[in-house]
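Here's the structure, in structure tokens; my notes come after.
The values are calculated or read from the model by the stated rules, or taken from the named source; none is laboratory data. A quick note: this is a predicted structure, and the numbers were derived from the prediction, not measured. As a convention, Cβ positions derive from the backbone with ideal geometry for all residues, glycine included, and neighbour counts pool all protein chains shown. Remember, those area values only see protein heavy atoms, side chains included, never the ligands or the DNA or RNA. Shrake-Rupley method; radii C 1.70, N 1.55, O 1.52, S 1.80 Å.
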Amino acid sequence: MFNNQIRLRFAPSPTGFLHIGSLRTALFTYIIAKKLNGKFILRIEDTDQKREVEGAIDKLIKIFDWMNIKFDEGPHIKGNFGPYIQTQRLEIYNKYSQELLKKGGAYYCFCDEETLKKNREEQIKKNLPPRYNKNCRNLKEDEIKKRIINKEFFVIRQKMPIQGTTIVYDELRGNIEFNNENLDDHVLIKSNGIPTYQFANVVDDHLMEITHVTRAEEWISSFPKNVLLYQSFNWEAPKFIHFPIVLNKEGGKLSKRQGDVSVEDYKEKGYLSEALINFCALMGWHPKDENEILNLNQIIDIFEIKDMRVSSAVFDIEKLNWMNGHYIRNKPLDELTKMCLPYLEKAGLIKIINEQKYKILSIEKIIDFNYLKKIIGLEQERMKKLSEIGELVKFFFIDKLDYDLELLKWKKSDLKIILENLKLAKEELEKIQDTEFLKENLEKILINLTKKTGVGELLWPLRVALSGQKFSPGPFEIAEILGKKKCLERIERAIKELQIANLKLQI
Ligand code: GLU
């Protein structure tokens, strides 16, 4: 049946956001498709949606665009196997459910909610697993026709084998055996005529000529139902690959309560798409050597299905942070600065006027892109997420810093000594011309001064006077960016505060 064309699909429900676990599924699907020179298809499985989430499909497409992962076919791209949204395929499911009924793979069931509830209660009383009691499985043709004409409530159920076992083959796990007694005659078409996931998924995979069904381990319970459906239709089944489950560090499911689960949230927090992709690809697969930093093309190059794991994968946020830091450090500074702009604006530090002009909000001063680039460049090494940038660099944008006097002290050094040292630094800096106020010159002059003052005793309070921070880049770099005037202003203020504190101590 298959025309030698490898075709894989990512088939999410339109929930309004992309779960990080679903990204992992999509990513492996993409990697396998590309590895095998196949097509990567987006299919929207919206038949089980209780209510439609506005704009969900657009949002989904956008987040994949952001990650630069391209579909070959989907609701937004023309293809020969559409429509790619299940609620637009209802006639198709209707046709195939009729075919399945004729072939004996399904049957009409007229048991309504009330009846099912009663059955369930009886089963629970008898300590039996709650399952459909197969009441309608052997109804006569005439009776079925009559009840349909009478417009009775009905659903269509899959006719499962009653005895024996069903053996299915997963590419990672090999054969998996299911006891047929445990298979429920579950619903394929609901009373409103809409198919369940189980039915629509198989019909679409067949009609869209999907060669490999790739999905998370959670779907293994559907596996025998799917394979039996293919058999009933007399269709060739695709290959199946179930990716290992992703758990949090405590061994539980990833859920919203424990933090972010949507890729959109990670994007907002300032994770780079390269880091998310690299990180997700390592949940269930691992390269043979120790180098874990790999871009998507490199992964596709070395990826082999057989190297995938079946044991559960762990979502380790520290690892993601580390990886994100790596990708931030390796971003060209121009690009990184552009990426930081919305975060600086959101932190209330700047207003973007145009691509070259920015306004420092606290002092209404206009600065240019190169100035911002210098500031971002100072933090590039330390930043783990783009959203941290506001906090890290705010001291460049704030007019007057508040000093924590304790912080100005180097270890246990005396307040008076710190005061003297800052005065000395000020005197030296005053001598430097505006145009010479450069990192190298400052470093030379101040290091020279440390011979007299001691290193920490001078450079620590100077750095704190300029930044107000416990952790920041070094004083020379900061000083060059701030410029002579601002530098001296800050040192003077720190001196004043120290003087006041000193006076108080003497009283
Ligand atoms: N619609 C299912 C989901 O939301 C797809 C499962 C599959 O790929 O078969 O995960």
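The condition of being at pLDDT 95 or above and either surrounded by 13 or more Cβ atoms within 10 Å (Cβ to Cβ) or in a loop (DSSP other than H, G, I, E, B) (or both) does not hold for LEU419. Close contacts from the stretch 5-18, counting a first residue that is among the polar types (S, T, N, Q) and a second that is part of a strand (DSSP E or B) and away from the ligand (no atom under 11 Å from the Cβ), with Cβ to Cβ under 8 Å and a gap of 6+ residues or different chains, come to GLN5/LYS39. For ILE41, work out the one condition from (1) outside any loop (DSSP other than H, G, I, E, B); (2) farther than 17 Å from VAL203 by Cβ it doesn't fulfil. Unmet condition: (2). Residues of the stretch 11-33 that are open to solvent by less than 10 Å² (accessible area, probe 1.4 Å), in contact with a helix residue (DSSP H, G or I) (Cβ under 7 Å, 6 or more places away or on another chain) and closer than 19 Å to TRP219 by Cα: LEU18, ILE20, LEU23, ARG24, LEU27, ILE32. If the condition is being open to solvent by 50 Å² or more (accessible area, probe 1.4 Å) and either under 18 Å from LEU482 (Cβ atoms) or modelled with pLDDT of 90 or more (or both), then the stretch 396-414 contributes ILE398, ASP399, LYS400, ASP402. Give the stretch 443-489 a look and list any residue that's open to solvent by 50 Å² or more (accessible area, probe 1.4 Å), touching a residue at least 40 places away in the same chain (Cβ under 8 Å) and farther than 21 Å from LYS374 by Cα, or say none. If the condition is that a residue be open to solvent by 50 Å² or more (accessible area, probe 1.4 Å), touching a residue at least 40 places away in the same chain (Cβ under 8 Å) and farther than 21 Å from LYS374 by Cα, then GLU457, TRP460 are the ones that fit.
Scanning the stretch 116-169 for residues that are of a type in the set (Val, Ile, Thr) and open to solvent by less than 50 Å² (accessible area, probe 1.4 Å) gives ILE144, VAL155, ILE156, THR166, VAL168.
Would you check if PHE110 is open to solvent by 50 Å² or more (accessible area, probe 1.4 Å), of a type outside the set (D, E, K, R) and over 42 Å from the mean Cα position of the chain (by Cα)? Taking the combined requirement at face value, the residue does not satisfy it. Scanning the stretch 26-62 for residues that are within 17 Å of TYR266 (Cα to Cα) and within 13 Å of the ligand (Cβ to nearest atom) returns ALA26, LEU60. Evaluation of LYS426 against the conditions (1) more than 29 Å from MET383 (Cα to Cα); (2) at pLDDT below 95; (3) among the charged types (D, E, K, R) shows that the sole unmet condition is (2). The set of residues in the stretch 218-250 that are in contact (Cβ under 8 Å) with a residue 40 or more places away in the chain and under 26 Å from the mean Cα position of the chain (by Cα) comprises ILE220, PHE240, ILE241, HIS242, PHE243, PRO244, ILE245, VAL246, LEU247, ASN248, LYS249.
So is ILE241 over 22 Å from GLY82 (Cα atoms), of a type in the set (A, V, I, L, M) and within 11 Å of the ligand (Cβ to nearest atom) or not? Yes; evaluated as a whole, the condition is true for this residue.
Among the listed residues ASP58, ASP65, ASP48, identify the single one that is open to solvent by 30 Å² or more (accessible area, probe 1.4 Å) and assigned to a loop (DSSP other than H, G, I, E, B).
ASP48
Across the stretch 179-196, not a single residue is classified as basic (Lys, Arg) and over 20 Å from SER221 (Cβ atoms). Residues that are aliphatic (A, V, I, L, M) and without any contact (Cβ under 8 Å) to a residue 40 or more places away in the chain within the stretch 296-319 comprise just one, ILE302. Residues in the stretch 267-277 that are within 11 Å of ASN324 (Cβ to Cβ), part of a helix (DSSP H, G or I) and not hydrophobic (A, V, I, L, M, F, W, C): LYS269, SER273, GLU274.
Taking helices (runs of 4 or more DSSP H) as the structural unit, those lying wholly within the stretch 278-394 and holding at least 3 residues that are over 22 Å from PHE471 (Cα atoms) and open to solvent by less than 80 Å² (accessible area, probe 1.4 Å) correspond to 296-302, 317-329, 333-346.
When you scan the stretch 63-78, do you find a residue that is of a type in the set (A, V, I, L, M, F, W, C), away from the ligand (no atom under 16 Å from the Cβ) and closer than 21 Å to ASN201 by Cβ, even just one? Yes, some residue in the stretch 63-78 is of a type in the set (A, V, I, L, M, F, W, C), away from the ligand (no atom under 16 Å from the Cβ) and closer than 21 Å to ASN201 by Cβ. Residues of the stretch 188-222 that are more than 10 Å from the ligand (Cβ to nearest atom) and open to solvent by less than 40 Å² (accessible area, probe 1.4 Å): LEU188, ILE189, PRO195, THR196, PHE199, VAL203, HIS206, MET208, THR211, HIS212, ILE220. For THR211, are the conditions met, namely being closer than 24 Å to THR29 by Cβ and out of contact with any Phe, Trp or Tyr (no Cβ under 6 Å at 6 or more places or on another chain)? So THR211 fails the test. With the condition kept exactly as written, say whether any residue in the stretch 228-237 is out of contact with any helix residue (DSSP H, G or I) (no Cβ under 7 Å at 6 or more places or on another chain) and either modelled with pLDDT under 95 or within 13 Å of the ligand (Cβ to nearest atom) (or both). There is no residue in the stretch 228-237 that is out of contact with any helix residue (DSSP H, G or I) (no Cβ under 7 Å at 6 or more places or on another chain) and either modelled with pLDDT under 95 or within 13 Å of the ligand (Cβ to nearest atom) (or both).
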